[in-house]
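Notes follow once the structure below has been shown.
The values are calculated or read from the model by the stated rules, or taken from the named source; none is laboratory data. Quantities reported herein were computed from a predicted structural model and do not represent experimental measurements. As a convention, Cβ positions derive from the backbone with ideal geometry for all residues, glycine included, and neighbour counts pool all protein chains shown. Heads up: the accessible areas ignore ligands, DNA and RNA and are worked out on the full protein's heavy atoms, side chains in. Shrake-Rupley method; radii C 1.70, N 1.55, O 1.52, S 1.80 Å.
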Amino acid sequence: MSDTELVKKMLRVILQANKGGISLSRLESEYKELTGEQIPHKQMGHNHLDALLASIPSVVRVERSRSGEAVYLASVDKDTAHVAKVTARQRGSKKTGRPHLVNTQMRVKPTALLVLNAAKPQTSLRQPNHRGRGGARGGGGRVTGHGDFRHTEGRTGSQQLKISNQNIPSRSEKRMMLPSRFQKEVQAHLSKNSQQTSPSSHFTESLDSGKGKVYNPQQVQNCIRDILSQYSNGFWVSKLPQIYKELYKQDLPSEAIRDLETWKHICTVERTCSSNPSELLLYPAKEPKSTTPDKPPQSPVTQRLPLKRSDTHPSTSPSPPSSPTSLSPELKSKLEELLLKYSSGLWAHALPKLFQDTYKTKLPGYVLDNLHLLSDICTIDYPMPDNPKKAIMYRRSSSSGGAGGEDEDSNRRSSLASEEEQRPKQEPEKTLCNRSIPTLHIPKEEYPSVLVVEATNTNEVVLRYIGESYSQAQERMEDEMREFYNQDKQKSSPCSSPFSGQLVAVKTEEEEVLRAQVCELMADKVKVHFVDHGFSEVISKGKIFELHEKFFALPFQATKGKLAGLEPFCQEAAVLKTFEAMASGRILLAEILQRAQTPLVVLYDTSQDDDVNINAACMKALQDKTLTSPLQVNSAYMNVTVTSVCSDGTIYCQLPSRGLAKLCEVLENVETYFHSQVTSEFLVSRPFCGKGCLARYKGKWSRVEITNLHGSRVLDILFLDVGVQASVEVFELREIPQKFLRDFMAIPPQAIKCCLADLSVSIGSWTPDTVQWLREKVLNTTGCSMKVAKVDKSNQCVYVHLFTDKNFHDPACSLNHQMARSDLFKQQPDVYLTSHSPVKISTVSSGGITNGSPMSTSVATKPHLRRVPSAPKGSSHTTSSSLSGAQPVPSSSLQLPPLLELPPAGNNMDVYVPVACHPGHFVLQPWRDMYKLVVLMGEMILFYNQTDETPPNVQKNQIYAAKVENNWYRVLVKGVLSNGLVSVYQLDYGKHELVSCTQLRSLNKEFRQLPFQGVTAQLAGVKTKQWSEEASIVFRNHVEKKPLVAQLEAVQEAANPWERKLTVFLVDTSQQDSDIWVHDIMAEFADELTGDV
């Protein structure tokens, strides 16, 4: 690659990473950070950088911002050119002006967390065909090599059951999934590599691991009986060697696997009803039920809970002698009804409050101490081994005779549903030469791109999927049709006698040829529906032709979707008008909430700096503008209530208005209504961003909007009428009753965002002392008044002078004036940052709602990092007491988590790669413990967002919790900078971040039990130490954010867990028929570098 092409490539990388454009100075800065050099514009024949950029329009285009500044953006490349082409080729029954080309990069959900949308990820990956370390390159013949712990008998395309002496879940569990929507981000990461396979496995497989040991059947039987006493609900046979190994510190004899079916007095072995007949389930012999459990304990952590102690047998929670041996049918029915609402699992600690709120009676206390009594209606996971009370219950399927987990069943049902995706017209399949059209499958991605065609009803939005198997395949077909019908005159003769329902080819005025279905016959014209474009037209009979059989292979591309949350208002004129203006003719991102014949979706426009939730925008169109309080400059308002003071100095106020009066009336009616209802129908079972619902605020129900999801359990909400943001668990939310829904939708949010005018310190730069002073002055104070100084419509913020009484005529009495004259802003340390985005955390505490800390600021430009050995200048903060009242222990004396367990060298482990720089440095996460990490992250969000703790005195090389965007992470402080920023390393994800020192907290003991999940590694099989940028990009494309199998070559131990380094082979086994050994690919680059030298 020439130097010029390399410069273009680097520029394109930077521009594509800055979707909203980038300034010239910022472009230079980021280029130097990426390459270590300045942009060589003079060497390329240009005196100025802007001249160089103007000379390469294929790479960069320039636009002007509102302020007139030149902004540089990436030109449309071959990838985005397809999107533009799709939009340009879209036909419609009405012209909507120039088609809109929007950015299809989803930014709504943070991608730092591993996300699971509809279900668990596979608990193990397909293991590669092992080969020797010196095996031939290019994926050639694989031979058994070091670390191959399985015999490879004659393979006929099926993978043998993996029985190993290491902590790798079996491939037979490939179909098993995590609970629904347990975290939003693994589906987005894994969708590109989630190709499902269902290979059969051999039940009678022998092991090398058991050789050399005496097989004692009686001893093994006793051990298996003890294991089954814990797993009374059954588990996969393939998990048995792993459990046995962890519990008894020895390998399970291979003969025992063969003998299981003969030990009927010990256990029962059953085959599932899945497509893989060799998936086996193991149950205690005392319960030979015909109905097998719907959801065997499938998370990796479920079966590791009791195995932490090798000296004791697993045991269930002890039941008090007086506890009943069973629950009443009525109680079980109520509990099952609650579990039905939470298909992604219900945490046991939430059960008493949920039961009380729903059925207006207390849950018997013995239930939580005897969860095994619910074994016939649910299965139980223990994701936090150190806290058995943190159990998750999953409802069993009501169907009898089914074997396999509920998640597996639901996934199977979802798969069946996705294979029956609707087509606009189905009759043609049976009317023309008995030929049928394949079904259009919903894309596997969680966020597919869609082209919105039109909508006369939000329950039936006509759209098209964008992608290789969708829009691109359609383009290829239409190109073939145009060539076919324009060149072959015999086959392009008009259809002589069309009939209703017939599939035909139609020539358009633009000389395109499209597939259509005859809808209605007229005298000399025909009404047809264009099945790939989703609209109808009346055309002359001379334009329709017989559709050749070769054009029956592609499914109809026009399909329909239902907008979530708008079902009751699907035909409202205001909603449809807003949708037409914001979505019709645009390419948007679709979040698929439910895969059904008509999928339930949330649409996002990601063309601007901030993503726009189309569903939420349509709901706002229902608001009655007459219920708002119009604010005018220089106008004064009395009886103002300050409802919230955020940590960046933003305040939220309520003003007397018709809307506020009506809101109070409706909320009182809701309170009365809920007190009289004994039902579970109002529990929120499918949360999504932008959804409106109800949550408790100071003991009473209040309107909220879901702003972010942290999996299936934890989410962020905004109390619309007080401006408070909080992190809560999903069971705390309630659906808005239908009878009050229209009233709630009509009332605009009553919280007005305000800032204090005429202060020298900008919003976002307030110290905690200043915020606390203002809170004490205005919160819980009645009779405040304010005078409007400025209305900033772009930021939806009002600048005011605030008074604690009605004396708004005297500016000297304002809080603004008092703060300006006080010492609050004097000797301001430079450790607080100006926030460029709204502050987002105000949280629920045990006593109601308290304002939390501001969101961590995304640093747009990286400052010069000058490391200092101590805390930031002027920082004198000390760690406040924790919730328990005890002073947190300094980080230097914190007990670190145990070391992450690794398999022996030569063995495999399933991993996920969150970060990859180049083959010499990337980060691995153990696939088996992702579930534990998801739970830990949710716990940290709830704990720290509900704690208004003063930031600690940050020290280098110490462990803390840090807030990055919307999540809390376990981090190591790498450096404290003089400008108040802290360089941190995410110990579970391997990422480096810059955050404000105000975003750090002491790491609670509860969050120091799980080993740090991020382990640095280097690729085995290659010797190059310096990698070109091109090679690094190829490596990242192959491994980053993908599940892979790592064959452990060596472990470089270190004093600290984060300094350990592994040497591994990486294998991509997502393809059913072949394995991709990454070092084979990178070896080619190593050879090139060696040749160049």
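Peptide packing for 219-229, 705-715 was compared via the average number of neighbouring C-beta atoms within 10 Å per residue; ordered from the highest value, the list is 705-715, 219-229.
What is the stretch 461-549 by shape, rounded, prolate or oblate, if you read a ≥ b ≥ c off the alpha carbon gyration tensor as root eigenvalues and call it rounded for a/c under 1.5, prolate for a/b larger than b/c, and oblate otherwise? Walk me through the intermediate numbers first.
Details: a/c = 2.17, a/b = 1.25, b/c = 1.74.
Because a/c hits 1.5 or more and a/b fails to exceed b/c, the stretch 461-549 counts as oblate.
Of the accessible area of the stretch 997-1093, with the probe set at 1.4 angstrom, what percent is carbon plus sulfur?
On the way: 1820 of 4190 Å².
Solvent-exposed carbon and sulfur of the stretch 997-1093 make up 43 percent of the total.
How much of the accessible area of the stretch 905-969, in percent, comes from carbon and sulfur atoms when a 1.4 Å probe is used? Whole-percent figure for carbon plus sulfur exposure: 42. Surface listing: Lys577, Lys390, Lys1023 arranged by accessible area from highest to lowest gives Lys1023, Lys577, Lys390, probe 1.4 Å. For the stretch 322-367, a crude dipole built from +1 on the beta carbon of Lys and Arg and -1 on the beta carbon of Asp and Glu, taken about the Cα centre, is about 120 debye to the nearest 20. The calculated P(r) of the stretch 497-636, using every Cα pair and 5 Å bins from 0, goes 2, 8, 14, 14, 12, 11, 13, 11, 6, 3, 2, 2, 1, 1, 0, 0 in percent. Between Val791 and Asn669, the FRET efficiency from the beta-carbon distance, with R0 = 35 Å, is close to 0.60. Computed with a 1.4 Å probe on the full set of protein chains, the accessible area for Trp1027 sits at about 40 Å².
Report the paramagnetic label zone for Gln16: residues of the stretch 913-930 whose backbone N is under 20 Å from a point 7 Å from Cα along the Cα-to-Cβ axis. Inside the label zone: 914-919.
Protection proxy ranking of 901-907, 503-509, 686-692, by the mean of other Cβ atoms within 10 Å over each peptide's residues and highest first, is 686-692, 503-509, 901-907. Projecting the Cα atoms of Asn957, Gly1021, Asn1004 onto the dipole axis of the stretch 940-1093, where Lys and Arg carry +1 and Asp and Glu carry -1 at the beta carbon, places Asn1004 farthest toward the positive end. Between the beta carbons of Lys353 and Arg742, assuming R0 = 25 Å, the FRET efficiency works out to 0.30 to the nearest 0.05. Put simply, the amide H of Arg396, placed in the peptide plane, has neighbours under 5 Å in Cys378, Thr379, leaving out anything fewer than 5 places away on its chain. Given the options Gln597, Val640, Ser607, identify the residue whose Cα lies farthest towards the positive end of the charge dipole of the stretch 585-715 (+1 on Cβ of Lys, Arg; -1 on Cβ of Asp, Glu). Toward the positive end, the furthest listed residue is Gln597.
Please report Rg over Rh for the stretch 645-722, where both radii come from the alpha carbon positions and Rh follows the Kirkwood definition.
Working: Rg = 14.4 Å, Rh = 14.4 Å.
The Rg/Rh ratio comes out at 1.00.
Starting from the Cα of Glu776, move 7 Å in the Cα-to-Cβ direction to define the label point; list residues of the stretch 650-682 whose amide nitrogen is under 18 Å from there. Within reach of a label on Glu776: no residues.
Solvent-accessible surface of the stretch 770-814, taken per residue with a 1.4 Å probe and all protein chains present: 54 Å².
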